[in-house]
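Below is one structure, written out as structure tokens; the observations come after it.
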Amino acid sequence: FVTLNGQQQHYYRFDVDQFTYAAANEEYYIQVGKNRFTKDGVSLDLYPQSNDDDADLILRGNLKFTNPSPWPVSLLELGAMGSVGWMPGLECTHGILSFDHELNGNLSLATSVNNSSSSDATTSSASPLQISMDGGRGYTEKDFGRSFPSLWVWIQTNSFRNNPGTSLFVSLARIPTPFFGIEFPGFTAAIWHNGELIPFATWSGAAFDDIRISKEEVYIALRSARHGRSKYRVEISVDRRNVPEVLLYAPVNFTRMEPFVWEALRATVHLRLFDGKGNVIIDDMGDYAGLEVHGSVQYLVDNLCGKKTANKLICL
């Protein structure tokens, strides 16, 4: 499948034999039908192929990515997952292919007036809208596994008003283990700024100072070191008021895709980054932010270290 998310989700289904991907010794790519996704760009030829497709857009074009900024992967640190990525039984694994990169290319967008198995027969009642993406900015991440966690918070934006090229990524979740039903709250987050990767994660030794989640706001305060002086401290506030959300398909137990995840792509993030002495490095607003708040996220709030309800072994 391929999805397009915006004011609504468009879900395009494909036969399994139309899906191919890179072998371990090949450059990264995913091919779905005529649509190809690589670390250097995408080639799109999307149109509703049958009445089973929850989609009415026709999207064609090619985009080139330049100057990517990936989260480095090594044997000991598996990118965003760090050493946690080696833990057996993980429901899903997360990766950042590029925090921020430049876009060039063009897209053609139209609304389908019928669903046909022929791309030539899938037409629009009006001339396609031609969109130049030259000078745009992109972000690429991936997830793979059998299922999403039972609860999580996800935040991302690289559309900061005064800091082009800066990118924010945050993910918190309840993580089950194969060991006697033990589970724990985990998080991985990072800021990409001026060519520097600044991680805040369970595996990097970061810790929460505060976390609040309500229908109006998500507020997170993190320091880069749980003990001793932190090199960095960050405050993240996401305004959830009047932010439109789209219902997305997501995997369930490695067997099917179902629409049950609400995602916003127009949230606004207030990011403040400080150095170890309290000097402000960034104080900026990020637009067009992605935001997902799924499941009983009070679990994350209750597991802030120092609270009576927090996990005694691993807390936020």
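Working only within the stretch 152-192, note down all residues that are touching a helix residue (DSSP H, G or I) at 6+ places or on another chain (Cβ under 9 Å) and open to solvent by 20 Å² or more (accessible area, probe 1.4 Å). Write out each step before concluding.
Pass one, the stretch 152-192, residues touching a helix residue (DSSP H, G or I) at 6+ places or on another chain (Cβ under 9 Å): 152-153, 169, 171-175, 185-190.
Result: Ser171, Arg174, Ile175.
Could you say which residue among Asp52, Asp100 is more than 18 Å from the chain's Cα centre (by Cα) and of a type in the set (Asp, Glu)? Even if it seems obvious, please write down each step before you answer.
Details: Asp100 fails: more than 18 Å from the chain's Cα centre (by Cα).
Criteria check complete, one pass: Asp52.
Output yes when any residue across the stretch 266-273 is touching a residue at least 60 places away in the same chain (Cβ under 8 Å) and on the phi > 0 side of the Ramachandran plot, and no when none is.
Checked against the condition, which is being touching a residue at least 60 places away in the same chain (Cβ under 8 Å) and on the phi > 0 side of the Ramachandran plot, the stretch 266-273 yields no hits at all.
Take the stretch 161-196 and flag every residue that is in contact (Cβ under 8 Å) with a residue 60 or more places away in the chain and at positive phi.
Gly165, Gly195
Show the residue pairs that are 6+ apart or on different chains and have beta-carbon atoms under 8 Å apart, the first residue being within the stretch 49-62 and touching a residue at least 24 places away in the same chain (Cβ under 8 Å) and among the hydroxyl-bearing types (Ser, Thr, Tyr), the second being open to solvent by 70 Å² or more (accessible area, probe 1.4 Å) and part of a loop (DSSP other than H, G, I, E, B).
Correct list of pairs: Ser50/Arg13; Ser50/Ser117.
The values are calculated or read from the model by the stated rules, or taken from the named source; none is laboratory data. Here the structure is a predicted model, which means the values were calculated and not measured. Virtual Cβ from ideal backbone geometry, glycine too; neighbours counted across all protein chains shown. In case anyone asks, the SASA skips ligands and DNA or RNA and just uses the protein heavy atoms, side chains included. Shrake-Rupley method; radii C 1.70, N 1.55, O 1.52, S 1.80 Å.
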